[in-house]
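Since every read-out is calculated from the coordinates, none of them should be taken as a lab result. Source: prediction; values computed, not measured. Methodologically, a virtual Cβ is constructed for each residue, glycine included, from the backbone with ideal geometry; neighbour enumeration extends over all protein chains shown.
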């Protein structure tokens, strides 16, 4: 009778703890171990829960992968942390902090493609999270670096103060120039000059604009007179050339500044061409030599 009673007590003890309760107990032990900085023990307990999830095909509802990654990270095992974090991402149970960790991890490895692969779901799945707000700028620059202009455009503005950041605004100007959004370039050039009156990109745009306008007007007036050499057409040509000269002078002033600031030979060539239009052969020859 005594033996039967002991067996009965053991039976009650075991059956009183259901599988769910047992897992909850293990989970609590894992969390307590983490709080007590017993990271190795906590990791083993999370791995026990992972094994159970995998056996019961519960991976897509489990946060154990991320928790195990946290413990591996606390132990300094970056490879194991990456493995568990990637599984959390794969099973769509990862929180924003995990995506951000992976993005930073791959950024430090200079693995651009993997960094982008971590950043894209962070931004799309958790757009309002602090992690997404912090990483949006990084994703924008990765798109710019890899020439993914449409994707970069979709992220603009990547920060709240993007239009006050000269480097960012320059990238936005260049991006719109590449994809043919010419109507935005003038206003963007003005914004850049408001930030920095010596901005090379904006000055170049302004100078080229004046130059092209002046040259087109010059060619148009000369060709019109060649087709119709009358006194009236001659007067029209002179008036047109005056307008062309005014724009050439505006372009000249900017090109001279650009050449002084950058020593870029292409600006010397434009200066030489303008002086040739003015009939100043000496200055034209001088700058043509500087352009060689």
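Summary table below
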item: The chain: translational diffusion in µm²/s, Stokes-Einstein, Kirkwood Rh over Cα pairs, 4 °C, 1.567 mPa s; result: 51
item: Contour minus Cα-Cα distance for residue 108 and residue 167 (0.36 nm per residue); result: 19.0 nm
item: Among 131, 150, 221, residue whose mean-square fluctuation peaks in a GNM of the chain (springs only between Cα atoms under 10 Å); result: 221
item: Whole-Å distance, taken between Cα centres, linking the stretch 138-182 and the stretch 224-246; result: 43
item: Residues 101, 39 arranged by fewest to most Cβ contacts within 10 Å; result: 39, 101
item: Estimated FRET transfer efficiency (residue 117, residue 54; beta-carbon r; R0 41 Å; 0.05); result: 0.95
item: Added length on full extension, which subtracts the Cα-Cα distance from 0.36 nm per residue, residue 290 to residue 234; result: 16.6 nm
item: For the chain, calculated [θ]222 nm from helices alone, where every DSSP H run of n ≥ 4 adds -39500 (n - 2.57); result: -26000 deg cm²/dmol
item: Largest to smallest principal axis extent of the C-alpha atoms in the stretch 36-188, angstrom; result: 62, 29, 24
item: Hydrodynamic radius by Kirkwood, which averages 1/r over all alpha carbon pairs of the stretch 18-93, in angstrom; result: 12.2
item: Net lengthening on full extension, residue 97/residue 22 (0.36 nm per residue, minus Cα-Cα); result: 24.1 nm
item: Likely footprinting exposure, 230, 159, fewest C-beta neighbours within 10 Å first; result: 230, 159
item: Rg and Dmax [Cα atoms of the stretch 203-290; Å; Rg one decimal, Dmax integer]; result: 14.1, 45
item: nm² value of the averaged projected area, convex hull over the Cα atoms of the stretch 115-180; result: 4.2
